[in-house]
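Below is one structure, written out as structure tokens; the observations come after it.
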Amino acid sequence: MKLLTAAIPCYNSAAYMGHAIDTLLTGGEEIEIIIVNDGSSDDTLKIAEEYRQRHPSIIKVISQENGGHGEAVNTGLANAQGLYFKVVDSDDWVNEKALLQVMERLKNLIADGNSPDLFLANYVYEKVDAKKKKVINYNWALPKEQIFTWDEIMHFKQSQNILMHSTIYRTKLLKDCGIVLPKHTFYVDNIFVYQPLPFVKTLYYMDVNLYRYFIGRADQSVNEQIMIKRIDQQLKITKIMIESHNLMQIKSKKLQNYMIKYLSMMMAICSVFLIKEGSDESIAKKQDLWDYLKNYDKWLYKKIRSQILGRSMNLPGKFGRRVVEVGYNITRRIYGFN
């Protein structure tokens, strides 16, 4: 059995997918690379098949009708045979040295009978015009180099949310928790990270810069104007996440608080981009989202409204909306997230 499955969703990725594959091949025979060709019309399939022919014991190629990023991840997971599972987007890559370190650590943990449900490592914003690359680590938020539970986590700063870039889940856990990402929908990585969290009993954090998150293509889903254009999809994802768990029933208070914080971030993202779009329709959608949350789960609504993000997103009038925009612009400059 392979140690790690890396799924690469590819849609018209011919121009850059090779870099992602090359860096993952560093893992050698202990890694399984599943390239999912999601209905591409360029040379994606041709390139994938060339890699498979050169590395038949490592690389699988699966072609499907276009179903979007989420359906490609679903396909990768359904066919994964590795003990652990990671998604690497086709325009991103991993640091080769860090990959070997992570795989060696996973092997040692398994050998000791202590393999975690969720393994975490750092990621780096590879923003094309940034003079200095921003590293997102979990210092002061997670215990290092040890198995721990949710009750041992510490304080997460606003920049330290657990994202798909930092996660390596136990494959069996993902399959057992029944996660299925929606088709033809962007921003499903949030569901991928969030939905399995209550099923995770043990975690491990390794302070290495594994994942390189590329930001710079004009058509990228995190481009600000594209996020505004696709705000209805962000709203859809946020509602799916809200409905996925009754957070009042989460036994670990620290996990409960973290998941509330994550939903606060999702509510804030939706609110910010609706405010930035600025039309009466968008302002109405923002109010509808908060009304939906209030009507669906009053307890959760009160918890999120009590967060700093929740309060700031609901400041009244034009002045309140201006405060939100200024705050977003400052945060964007500090963290360089899009």
Any residue at all in the range 256-263 that is within 17 Å of Tyr194 (Cβ to Cβ), over 20 Å from the mean Cα position of the chain (by Cα) and buried (at least 19 other Cβ atoms within 10 Å of the Cβ)?
no
From (1) under 23 Å from Tyr84 (Cβ atoms); (2) in contact (Cβ under 8 Å) with a residue 24 or more places away in the chain, pick out the condition that doesn't hold for Pro56.
(2)
Unmet requirement for Leu197, which otherwise passes all of (1) under 24 Å from Val102 (Cβ atoms); (2) free of Cβ contacts under 8 Å to residues at least 40 places away in the same chain; (3) among the hydrophobic types (A, V, I, L, M, F, W, C)
(2)
In the range 107-131, what count of residues is obtained for those that are open to solvent by less than 60 Å² (accessible area, probe 1.4 Å), more than 30 Å from Lys2 (Cβ to Cβ) and among the aliphatic types (A, V, I, L, M)?
1
List every residue pair whose Cβ atoms lie under 7 Å apart, where the two residues are 6 or more positions apart in sequence or sit on different chains, the first residue falls within the range 176-189 and is within 12 Å of Gln233 (Cβ to Cβ), and the second residue, located anywhere, is among the basic types (Lys, Arg) and surrounded by 14 or more Cβ atoms within 10 Å (Cβ to Cβ).
Thr185/Lys236; Phe186/Arg230
Conditions (1) touching a residue at least 40 places away in the same chain (Cβ under 8 Å); (2) farther than 18 Å from Lys183 by Cα; (3) not charged (D, E, K, R) -> His69 fails only (2)
Please name all residue pairs, on different chains or six or more residues apart, with Cβ atoms under 8 Å, provided the first residue is in the range 270-299 and is within 15 Å of Met227 (Cβ to Cβ) and open to solvent by 10 Å² or more (accessible area, probe 1.4 Å) and the second residue is at pLDDT 95 or above and in a helix (DSSP H, G or I).
Lys285/Leu235
Go through the range 153-175 and report how many residues are open to solvent by 20 Å² or more (accessible area, probe 1.4 Å), closer than 26 Å to Asp91 by Cβ and without any contact (Cβ under 8 Å) to a residue 60 or more places away in the chain.
1
Go through the residues of the range 306-323 one by one and say whether even a single one is at pLDDT 60 or above, crowded, with 17+ Cβ neighbours inside 10 Å and not aliphatic (A, V, I, L, M).
yes
Whether any residue in the range 132-150 is in a helix (DSSP H, G or I) and either open to solvent by 30 Å² or more (accessible area, probe 1.4 Å) or within 28 Å of Glu104 (Cβ to Cβ) (or both) is what I want to check.
yes
Unmet criterion (only one of (1) over 22 Å from Leu210 (Cβ atoms); (2) at pLDDT 95 or above) for Lys131
(2)
Can you name the condition, by its number, that Glu96 falls short on among (1) modelled with pLDDT of 95 or more; (2) within 18 Å of the chain's Cα centre (by Cα)?
(2)
Restricting attention to the range 294-303, does a residue exist that is modelled with pLDDT under 55, more than 22 Å from the chain's Cα centre (by Cα) and not aliphatic (A, V, I, L, M)?
no
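The values are calculated or read from the model by the stated rules, or taken from the named source; none is laboratory data. This is a predicted model, so every value here is computed, not measured. Don't worry about glycine lacking a Cβ; one is built from the backbone with ideal geometry, like all the others, and counts go over all protein chains shown. The accessibility values were calculated without ligands, DNA or RNA, using every heavy atom of the protein model including side chains. Shrake-Rupley method; radii C 1.70, N 1.55, O 1.52, S 1.80 Å.
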